[in-house]
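Participant: This is the structure I have questions about; it appears just below.
Each value in this text was obtained by applying a stated rule to the coordinates, not by laboratory testing. Given the structure is predicted, the values throughout are model-derived calculations rather than measurements. Glycine gets a Cβ as well: all are built from the backbone with ideal geometry, and neighbour counts include every protein chain shown.
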Ligand SMILES: *[C@@H]1O[C@H](CO)[C@@H](O)[C@H](O)[C@H]1NC(C)=O
């Protein structure tokens, strides 16, 4: 039965993917979109999910406890450290969303990006955000301790096409007034293509490909099992026939 383990794992993968694509699941988004923010930034969490025409009561969860807000948006005028954590929402006709993480940092600078895992070839935009948007001058972006980009005025650092060599530990620093300030470091990961190039050339979403592979695999395993069982069966039949004819022969004597 151990041959069945890989297909089972694939099946789990496929069902996990189906779950993330669940159209009934609500979705939390951040506006502005940064998951890493500084104290006193304002953040709006938005809940997208189906609701009946006569109303849209939304339930919000912060670290799994229900919060009083019932509107489809949850606005925090000035975030504080205690607002950090996981947010989920649910509307009347949706299932509870996946969590969205908000991290409230204390300090003068924070490095922001839409996400920290990229595929090769995707653009990367890094932002050096300052506390209460204080002006920052002479901004450097560093990767693994080396300055990758310098701007006299605070400007986003854009990498037009991510390569694996862009993976690393990043931070930004700059002058706020006369003070030389640094952000905390963040790890950024650039991954290779998720599926073989054959797959993208036929323009199939990977989960369909995985499904076909899974079916093929199951078919192969089934066919293999069928033939080996048939062989076992035939060989045991053979023994029985032999035994039978032997006993008949011995009786006829
Ligand atoms: C800030 O400090 C670092 C090292 O401590 C230095 O290399 C850098 O030049 C300073 N930045 C500015 C803008 O002065």
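Participant: What nm value, rounded to one decimal, do you get for the distance between residue 149 and residue 133 when each label is placed 7 Å out toward the C-beta?
Facilitator: 2.0
Participant: Between residue 77 and residue 57, what is the spin-label point distance in nm, taking each point 7 Å from the Cα along the Cα→C-beta axis?
Facilitator: Placing both labels 7 Å along Cα→Cβ, they lie 2.7 nm apart.
Participant: What nm value, rounded to one decimal, do you get for the distance between residue 67 and residue 164 when each label is placed 7 Å out toward the C-beta?
Facilitator: So the label points at residue 67 and residue 164 sit 4.1 nm apart.
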